[in-house]
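A short worksheet on the structure shown next.
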Amino acid sequence: MTREAQLNETFVELADTLVSPFDVADVLHTLATRCVDLFDVDGAGLVLADQAGGLHVVGSSVEQTRMLELFEVQNEEGPCLDCYRTGELVVEEDLEQSHARWPSFAQEAVAAGFRSVQAVPMRLREDVIGALNLFRQRPGRLPETDVYACQALADVATISLLQDRAVREVRLLAEQLQLALNNRIVIEQAKGVLSERADVDMDAAFSLMRGYARNHNVVLANVARDVIDGRVSASVLQQRS
Amino acid sequence: MARERRARLQERLDHIAPNDPPVQQICIGSAAILAVTGSTVILMSDEEIGATVVASNVGATAVEDLQFTLGEGPCLQAWRTGQAVLEPELLDASAARWPEFSRQAVATGARAVFALPLQLGAIRLGVLYLYRSAPGMLSSEQLADGFELAAMATALLLDAQAGAAQGELGAGLAGDWTNRGIVHQATGMVAAQLGVSLADAIARLRARAFGTGRSVYDVGVDVLERRIRLEE
């Protein structure tokens with residue numbers, strides 16, 4: 001297979017996640033390994049930022065501890081951190097000459113056998129979610145066309161990731177809304193059940209359930225469900241108050 | 001296209017109801033933009049119990065009560081099928097899909113009813129209900145606007161829920177629980193009185209309401225006041 005064909009196939013593979021079941025870890029691993037297959041690169045890895053801005057390795061072409069540590073150290077300094085902060089491509093053509101730039105990272109990268117590094121942002125408009133790190137055993141830099149191709153792969157993966165996040169957030173919100181609505185209904189129904197069983201008015205029924213929920217440190221809606229199902233009796237609620 | 005339509009609609013909403021919170025704005029604005037008499041944003045629970053978030057007028061609020069009493073109607077159908085329900089003339093034989101709803105809705109002043117699902121992919125939240133006091137179909141342009149307004153309402157409902165504590169409804173989503181609470185409390189009382197399930201209790205309240213030509217809310221008040229007791 002020609003390199004162009006391989007590259008096209010990789011695009012399809014990454015974009016496929018937009019229409020089929022989605023495994024984040026798998027997409028990121030695919031992206032990292034394809035970079036090593038397709039370009040003059042000896043190691044590749046992805047870091048994604050959490051909500052607090054901490055960087056985490058989420059996919060690597062090599063699962064060696066030493067390689068993974070190279071990503072970890074970049075929470076303090078390194079091309080990924082710079083790339084994540086600026087949203088711009090970061091290039092270091094000779095790590096042996098870059099001790100001033102990143103003292104710890106440069107030392108560890110050279111010890112791991114690497115001489116040059118580039119970091120490509122994972123970005124959609126202003127939203128930078130991480131960076132793709134490309135390591136080489138020789139000094140120098142990737143040809144510009146290869147950098148474009150890497151950026152394009154990172155872009156497709158970024159869109160897939162953001163899409164997946166958005167869908168999950170919406171689903172979660174919808175579930176919470178539904179739960180909250182059900183809770184409201186259940187609490188009203190339980191007030192009616194308790195009012196009848198304990199022969200108290202609605203306000204008193206509500207106070208009994210709320211007092212029990214507070215004393216036992218449980219959620220009011222769950223007390224309401226227990227009242228309805230008869231797991232918590234009226235007399236138990238009245239003892240407590 | 002959709003983006004332009006949304007921008008245009010938002011501009012009109014800002015003009016029609018400049019000072020209302022977003023979900024209210026959509027509800028009130030929908031009535032004006034779609035040339036309908038009234039509109040309601042209704043959330044639906046897993047048990048198919050509607051909860052009106054906001055209604056543009058009193059006539060629009062009646063529909064929730066009516067459908068809950070009868071267990072049928074355009075909103076329930078839209079909710080169950082996930083598809084828009086369009087009924088331009090309730091007096092038509094075609095409205096026979098909900099005979100009792102149609103009869104009673106006409107009595108409350110509705111002649112055409114439309115229910116657009118509030119949904120996003122597989123996620124369903126509720127229904128945007130619209131009615132007209134005179135018969136008449138929505139034009140294709142109004143229908144396109146209606147779908148876009150429903151999509152905007154869906155996004156706003158989710159936004160409103162984003163700030164809420166776990167298990168609580170988001171700010172502005174609870175609507176008016178004074179009347180609705182009474183029906184659910186009465187359901188609980190009936191369940192306890194007769195030793196039946198909540199679903200059974202709701203069915204009995206509905207049957208009583210239907211049999212006596214009253215709303216399920218009115219029957220609920222009587223149950224709570226102990227003026228009536230449903231029989232075994």
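The values are calculated or read from the model by the stated rules, or taken from the named source; none is laboratory data. Predicted model, so just to flag it, every value in this text is computed and none were measured. Heads up, the Cβs are rebuilt from the backbone with ideal geometry, glycines too, and the neighbour counts pull from every protein chain shown.
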*asked:* Just the residues that are under 16 Å from the mean Cα position of the chain (by Cα) and hydrophobic (A, V, I, L, M, F, W, C), please, taken from region A:125-155.
replied: A:VAL128, A:ILE129, A:ALA131, A:LEU132, A:ALA154
*Answer residue from region B:84-112, given it is of a type in the set (A, V, I, L, M) and closer than 15 Å to B:ASP65 by Cα and is surrounded by the fewest Cβ atoms within 10 Å (Cβ to Cβ) among those*: B:ALA107
*Entirely in region B:84-186, the strands (runs of 3 or more DSSP E) that have 1 or more residues that are within 14 Å of chain A (Cβ to nearest Cβ)*: B:112-120, B:123-132
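Yes/no per residue for (1) loosely packed, with under 15 Cβ neighbours inside 10 Å; (2) free of Cβ contacts under 8 Å to residues at least 60 places away in the same chain:
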{"residue": "A:ALA5", "(1), (2)": "yes, yes"}
{"residue": "A:ARG34", "(1), (2)": "no, no"}
{"residue": "A:LEU48", "(1), (2)": "no, no"}
{"residue": "A:SER60", "(1), (2)": "no, yes"}
{"residue": "A:PHE71", "(1), (2)": "no, no"}
*Positions within region B:63-83 being under 15 Å from B:VAL106 (Cβ atoms) and part of a loop (DSSP other than H, G, I, E, B), in sequence order*: B:GLU72, B:GLY73
*Pull up region B:71-83, narrow it to residues that are surrounded by fewer than 22 Cβ atoms within 10 Å (Cβ to Cβ) and touching a residue at least 40 places away in the same chain (Cβ under 8 Å), then point me to the one that is farthest from B:ALA199 (Cα to Cα).*
B:GLY82
*If you go through region B:25-40 one residue at a time, how many are touching a Cys at 6+ places or on another chain (Cβ under 9 Å) and farther than 23 Å from B:VAL106 by Cβ?*
0
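Of all helices (runs of 4 or more DSSP H) completely enclosed by region A:123-241, which ones contain at least 2 residues that are away from chain B (no Cβ under 11 Å) and within 30 Å of B:LEU118 (Cα to Cα)?
Filter on region A:123-241 gives A:144-198.
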*Checking B:THR178 against (1) modelled with pLDDT of 90 or more; (2) under 20 Å from the mean Cα position of the chain (by Cα); (3) not hydrophobic (A, V, I, L, M, F, W, C), which test does it fail?*
(1)
_Pairs where the first residue, in region B:38-62, is assigned to a strand (DSSP E or B) and the second is of a type in the set (Phe, Trp, Tyr), C-beta under 7 Å, 6+ apart_ = B:GLY38/B:TYR131; B:SER39/B:TYR129; B:THR40/B:TYR129; B:ILE42/B:TYR129; B:MET44/B:TRP79; B:GLY50/B:PHE68
*In this structure, is A:ALA44 surrounded by 15 or more Cβ atoms within 10 Å (Cβ to Cβ), assigned by TED's automatic domain parsing to the domain that holds A:ARG101 and over 20 Å from A:ARG138 (Cβ atoms)?*
no
